[in-house]
Amino acid sequence: MTVQPSPDLRRLHAITANYFFWQGLRWVPPGAALILFVWSTMPSFPLPAAWRDATPWFALTLGLVASWLIGKYYAHTYGYVRSLPGMHARRNAVKWSVVYPMIALALMVDGLLKPSIIVSGLVFAVSIEAYRRSTGGGRRHYVLASVLFAAATFAPALGLVQPGRDVLALVLGSLGGVYMIGGVFDHLELRRVLQARGDYDHVETV
Amino acid sequence: MSKPFKEFTAIDRVVHEPARLALLTALSACESADFLYLQRLTGLSKGNLSGHLTKLEGAGLVQIDKHFVGKVPQTTARLTDEGRTAIAQYWQHVDRLREASFRLAPDT
C-alpha cells in the first residue's frame with residue numbers, strides 16, 4: 001500500500017499545481033460578461049439595437065481585461081507561481097477534444113431540436129464536477145452547482161421554461177452566475193489556505 | 001537495532017522536517033514559486049522561510065533566484081533535479097518503512 005501524503009500536503013500540492021484556477025475573482029468579470037451577453041439577446045435589454053450587437057464584444061473584452069488585472073492583484077497579494085510545462089497536457093487535451101465539443105453539441109441540440117429536457121444541463125453538471133476534480137478538488141460549492149444544473153434538466157418537461165431560446169438563456173445565464181458566485185467562493189477558500197498562520201512555524205533547528 | 005528502525009533513522013532529515021517537506025511538496029507541483037507565495041502557503045515567518053530555503057539550497061535541492069521586476073526585488077525558488085529526485089525518494093522510503101512495519105514481528 002502506498003503511503004499518501006497528509007491531507008495538508010496533498011492540498012498544498014493541488015493548490016500550487018492549479019493556482020491559476022483557484023484565483024476565483026478572475027472568473028467574476030467573465031461571468032458578468034456572459035450574463036450581459038445573455039441579457040443583450042432579450043427583449044428587456046434597455047439599449048438600442050446598434051448597442052445590442054456591440055455588447056457581447058464589449059463585455060468579452062472588458063471581462064478579459066478585468067480578469068488579467070485581477071491576476072496582477074493575486075500576484076501582488078498572494079505571490080506568483082510558474083506552472084510546470086506540460087503538467088496539465090492530458091487535462092487540456094480532454095478539455096478541448098471532449099468537453100468543449102460536448103458542450104457545443106449539447107447547446108446546439110437544446111437550441112435547434114428543443115427537446116423536453118435540457119441536455120446541456122446534464123453536460124454542464126458533469127463538466128463542472130470534472131473541472132473541480134481536475135483543478136485540485138475542494139471547492140464544494142461546485143458540487144452544488146453540478147447538482148443544480150442536473151436538477152434543471154427537467155425544467156422544460158415541468159413547464160418551468162420554454163424549450164429553445166429560453167433554455168439557452170437560462171443555461172448560459174446560470175453558467176455566468178456559477179462563474180461569478182463560484183469565483184467568489186474560490187477566492188474565499190484560497191484566502192483561507194494562503195493565510196495559514198504558523199502551521200509549520202514552530203521552534204525548530206534550521 | 002532491528003532493521004525497520006535502522007531504516008527509519010536513515011530518513012533524509014533535510015526533507016523530513018515538516019516545513020521543508022511542505023516547501024518541497026509545493027515546489028514539486030510547479031516550475032517555480034516566489035517567496036511571497038511560499039510564505040503565504042506555509043505560514044512561516046520571513047526569517048524562518050529564508051532559513052529553510054537556505055538549508056534546502058545548501059543541500060542542492062532548491063535553487064534560489066533573486067532578481068528585479070521593475071524596481072521591486074523578487075526571490076523565486078525552484079526544485080533542482082536533485083530536489084525532485086529527493087522528494088520522490090523520500091516518499092518511496094516512507095512507503096518501505098510502512099511496509100516493513102507491517103511485517104515487523106515482536107522480539108522473542
Each residue of A:166-177 has, on average, a number of other protein chain C-beta atoms within 10 Å of its C-beta equal to 0
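Per residue of A:79-89, how many C-beta atoms from partner chains lie within 10 Å of its own C-beta, taken as a mean? Can you show the working numbers first?
On the way: counts 11, 10, 12, 7, 4, 7, 1, 0, 3, 0, 0.
Rounded to a whole number, the mean comes out at 5.
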Percent relative contact order for the range B:3-104, counting Cα pairs under 8 Å at least six residues apart, stands at 33 percent
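Could you compute Rg(Cα) / (2.2 N^0.38 Å) for the protein assembly as shown, with N its residue count? Don't skip to the answer; put the middle values down first.
Details: Rg = 24.5 Å, N = 314, 2.2 N^0.38 = 19.6 Å.
In units of the globular-protein estimate, the protein assembly as shown measures up at 1.25.
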Per the rule of 0.36 nm per residue minus the C-alpha distance, extending A:VAL109 to A:ARG91 adds in nm 3.9 nm
With label points set 7 Å from each Cα along the Cα-to-Cβ direction at A:HIS76 and A:VAL184, the distance between them in nm comes to 2.3 nm
Here the relative contact order (percent) of chain A, from C-alpha pairs under 8 Å and at least 6 apart, is 33 percent
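Can you give me the convex hull volume of the Cα atoms of the range B:3-104, divided per residue and expressed in Å³? Walk me through the numbers on the way to the answer.
Details: hull volume 10.2 nm³, N = 102.
So the per-residue hull volume is 100 Å³.
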Once B:GLN74 and B:THR9 are pulled to full extension, the length gained, defined as 0.36 nm per residue separation minus their Cα-Cα distance, is 19.7 nm
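What average number of partner chain Cβ atoms lie no more than 10 Å from the Cβ of the residues making up A:10-19?
5
Every number here is computed from the coordinates shown, using simple stated rules; none is lab data. Just so you know, these numbers come straight off a predicted model, no measurement behind them. Using ideal geometry, Cβ is built from the backbone for each residue, glycine included, and neighbour counts are taken over all protein chains shown.
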